[in-house]
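Just so it is clear, none of the values below were taken in a lab; they were calculated from the coordinates. Note that the structure is predicted; figures quoted are calculated from it, not measured. Every residue, glycine among them, receives a Cβ derived from its backbone with ideal geometry; neighbour counts consider all protein chains shown.
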């Protein structure tokens, strides 16, 4: 029973973190689409930080975080 309760809490927390990641990434991609380089650079920093934190706590795998950060930064470099 205790394990089920803790799993439920963890599941809710993980969903919230993943939702935040998607929101940060969406905001970043919107600024890329608008061609706002400075805003996109700030958004990339936010997304990268959120991905690293999610990987650190085990919400997503470390390699997944690094791969997504790499792909997002390539988009910013292509914009410049």
Subject >> Alpha-carbon Rg/Rh ratio, for the chain, with Rh computed the Kirkwood way >> reply: 1.10
**OP:** Figure the gain on full extension for residue 20 and residue 33 (residue separation times 0.36 nm, minus the Cα-Cα span) and round it to one decimal in nm.
**Re:** 2.7 nm
**OP:** May I ask you to derive the FRET efficiency for residue 75 and residue 9 from their Cβ-Cβ distance with R0 = 30 Å, giving the value to the nearest 0.05?
**Re:** 0.30
Subject >> Förster radius 25 Å - calculated FRET efficiency between residue 1 and residue 57 (Cβ-Cβ, nearest 0.05) >> reply: 0.55
**OP:** Would you work out the relative contact order for the chain, in percent, from Cα pairs under 8 angstrom that are 6 or more residues apart?
**Re:** 29 percent
